[in-house]
Amino acid sequence: MLEPQGRFRLRIDWTLLLLLVAITGLGLLNLYSASYNVKNPMFTQQIYWIFIGFSVFLITATIDYRVYNKVAYFIYALGILTLILVLVTGLIKHGSRRWLIIGTMRLQPSELFKIAIILALGHFVDASPPKTEQGRTLQELIIPSLLAGFPFLLIMIQPDLGTGMLILLIFFSIMFLLRLRIRSLLTLLSSIIVLTPLIWTFVLQEYQKNRILVFLDPASDPSGHGWHYRQSIFAIGSGQWSGKGFLSGTQSKFHFLPAQWSDFPFSVWAEEWGLIGSLLLMGLYIWLILLSISLAKSARDRFASVICLGVGAMFFWHVVINIGMVMGLLPIVGVTLPLFSHGGSSMLTFMIGAGLLMSVSSRRYAFE
């Protein structure tokens, strides 16, 4: 039986729920400002995806998280199958084959796979012997490394550098927080350094290399990605303390910002709401990430702890990369801002992740 003896009492984590409502609400407000003068149904589409997202969140939260432990490898295998299917029958857009068409919906399996890798790593850790005082050895990391490495290669073939990086970052975050031995950590980092030239030569596409080179020298492509960096930084800086006001951002209004509703929504937000509004949004994300860490510490078992750490890492790295990207601190890799950017696959992924957090949270003290 999944449920221990005693009366089951499901408790709603209102803090988590209110954080989700706040971030998605601000994102919807921002999307309206970024697209109100564009003949495109993206605002209506986002409302639809938010509705679907909260429905999926509720379903995910209602199911006992221990059920996911039992089917974690099945979900992982299904995710691998969809990644292979994308390479065979996926929709090609902007030179990448990343999307599956399901009815009227266009889904990006690599986005949803972030949940699959978190569940698979959680199941592995839960089924493994407890770590020693010195931490986990490199030998213990062979299977989880394969679990993360194989989908990374499939995603890079599409190609999708941003999502591939995130799969690895989630993996390393979970392994680090579960206490790797220093020697094991140094060995892994050394392996990455050794493999970097091979990845640059044989894995990265030419446009991905160009993005990295332009990041290092924006003046080398003044009308392309260098232009994107400058316009984004100008938008953020022009917001000053309190911003230009709702619907008053000139960079978004005149479409100087690239992909302002998906990759660069933070630039739109910072221009219209300034430093104060930016700190508010980042504060909500920090609160959500700290909440996931707190849930990991108080979870009833190791599987639940890994779920919370993995979801927290997913939110953390998305926020860091997206904001770093639009501020010119990181290369442009097409990573969304969680629950804030326009996009159905991204919304579903983070809502499922939040649903897992709620499932763990509501069952910490559910049986008394």
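All of the numbers you see were taken from the coordinates with simple rules; none came from a lab. These numbers come from a predicted model, not from an experiment.
What the table below lists for this structure:
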{"item": "Relative contact order computed over the range 14-362 (Cα-Cα under 8 Å; 6+ residues apart), in percent", "result": "27"}
{"item": "Nonlocal amide H pairs with ARG98, under 5 Å, H built at 1.01 Å", "result": "LEU91, LYS93"}
{"item": "Prolate/oblate/rounded call for the range 22-112, Cα gyration tensor, a/c under 1.5 rounded", "result": "oblate"}
{"item": "Kirkwood hydrodynamic radius of the range 226-368, Cα pairs, Å", "result": "16.1"}
{"item": "Cα-Cα P(r), the range 14-362, percent of pairs per 20 Å interval", "result": "30, 60, 11"}
{"item": "The range 311-368: relative contact order in percent, alpha carbon pairs under 8 Å with at least 6 residues between", "result": "28"}
{"item": "Where Cα atoms sit under 25 Å apart: lysine pairs in the chain separated by 8 or more or lying on different chains", "result": "13"}
{"item": "Calculated from backbone phi, Karplus (6.51, -1.76, 1.60) coupling profile of the range 322-328 in Hz, x at Gly/Pro", "result": "5, 5, x, 5, 6, 8, x"}
{"item": "Estimated 222 nm signal from helices in the chain, with DSSP H stretches of n ≥ 4 weighted -39500 (n - 2.57), rounded to 500", "result": "-22000 deg cm²/dmol"}
